[in-house]
């Protein structure tokens, strides 16, 4: 004689999967990109490899202000740009570079150390 089949247990509703570490990083970078763009009337960017495990996201605001973020991978940087709606350029030259506005601080930092300009500020005491 065969036994009657056991009634199946009701299935538990599946939990939404937690975002991966890489996705969390991309979301954090996207928030920073969005904040930058909001403060500077929009922004464009360019992604470049800067060393082992590091990719630079150069941001240029519509007002000429600029900033840099660092991501752990090119895929993470691209994902952050996508989440933020950032327009990416292939190169940081030509039109994108022409939009950058530099001030006295940048000029003294670019050649200031060699010309007796200001050095790095002293480290804060702990």
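Can you tell me which of 63, 90 is at pLDDT 90 or above, more than 26 Å from residue 24 (Cβ to Cβ) and touching a strand residue (DSSP E or B) at 6+ places or on another chain (Cβ under 8 Å)? Working first, answer last.
Details: 63 fails: touching a strand residue (DSSP E or B) at 6+ places or on another chain (Cβ under 8 Å).
From the options 63, 90, the qualifying one is 90.
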Do you know which residues across the stretch 66-87 are over 13 Å from residue 28 (Cα atoms) and crowded, with 19+ Cβ neighbours inside 10 Å? 66, 86
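The values are calculated or read from the model by the stated rules, or taken from the named source; none is laboratory data. All values derive from a computational prediction rather than experimental measurement. FYI the Cβ positions are ideal-geometry reconstructions off the backbone, even for glycines, and counts take in every protein chain you see.
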